[in-house]
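The values are calculated or read from the model by the stated rules, or taken from the named source; none is laboratory data. It should be emphasised that the depicted structure is a prediction, and the values quoted were computed from it without experimental measurement. Note: ideal-geometry Cβ built from the backbone for every residue, glycine included; neighbour counts use all protein chains shown.
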Amino acid sequence: MTSFFADIYLWVKALHVMAVISWMAGLFYLPRLFVYHAEQVAIGEPTDKLFQTMEMKLLRLIMNPSMIVTWIAGLILVLTPGIVDWTSIWPWTKALSVLGMTWFHMWLSVRRKAFEAGQNNLAGRRYRMMNEVPTLLMIVIVLSVILKF
């Protein structure tokens, strides 16, 4: 099995990078949609339904599948012999950051359901601030993987 992982390593790595890019695009865009939804749309307006549809499709059709592929490919990479030095700090900082990114994804999913139920109680400012979370986590992940500190 370990030889198999080594044989497919570059393909899995490429898939992982593509999935991460797709996931990050959604993590950046969905909170921005929430900002406009919270600030400019009243419950029950036709635009409310339009935003709900855009948010739902972004989450279900792009973000969820790309998060799943990111995780599966990432775990395969971790299981590939000789790739990760677990005595270093970087795999742990990356792992914690990926868990944080996953938590943020789940938080966005809960917030989408609040909009759908007409129960959003957060202001656009809060979504603007939360929009910085994936950026900060991405910085930690990239520095961890590239610099291997």
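Computed values, structure above
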{"item": "Single residue of ARG111, ARG60 found to be among the basic types (Lys, Arg), assigned to a helix (DSSP H, G or I) and in contact (Cβ under 8 Å) with a residue 12 or more places away in the chain", "result": "ARG111"}
{"item": "Test for GLU55: is it of a type in the set (D, E, K, R) and crowded, with 16+ Cβ neighbours inside 10 Å", "result": "yes"}
{"item": "Pick from the stretch 22-51, criterion without any contact (Cβ under 8 Å) to a residue 12 or more places away in the chain and among the hydrophobic types (A, V, I, L, M, F, W, C), ranking: surrounded by the most Cβ atoms within 10 Å (Cβ to Cβ)", "result": "VAL41"}
{"item": "Cβ-Cβ under 6 Å pairs, at least 6 apart or on other chains, the stretch 114-142 side under 18 Å from THR70 (Cα atoms), far side small (Gly, Ala, Ser)", "result": "LEU137/SER97; LEU137/GLY100; VAL140/SER97; ILE141/SER97"}
{"item": "In the stretch 114-149, residue nearest to VAL35 (Cα to Cα) [restricted to those that are among the aromatic types (Phe, Trp, Tyr) and part of a helix (DSSP H, G or I)]", "result": "TYR127"}
{"item": "Scope the stretch 1-21; condition assigned to a helix (DSSP H, G or I), of a type outside the set (Ser, Thr, Tyr) and surrounded by fewer than 15 Cβ atoms within 10 Å (Cβ to Cβ); matching residues", "result": "PHE4, ALA6, ASP7, LEU10, TRP11, ALA14, VAL17, MET18, ILE21"}
{"item": "Index of the failed condition, ILE83 passing every other in (1) at pLDDT 95 or above; (2) part of a loop (DSSP other than H, G, I, E, B)", "result": "(1)"}
{"item": "Candidates VAL41, VAL35, VAL12, filtered to the one that is out of contact with any His (no Cβ under 6 Å at 6 or more places or on another chain) and closer than 22 Å to VAL98 by Cα", "result": "VAL12"}
{"item": "Candidates ALA95, ALA73 - the one that is within 20 Å of ILE8 (Cβ to Cβ) and surrounded by 14 or more Cβ atoms within 10 Å (Cβ to Cβ)", "result": "ALA73"}
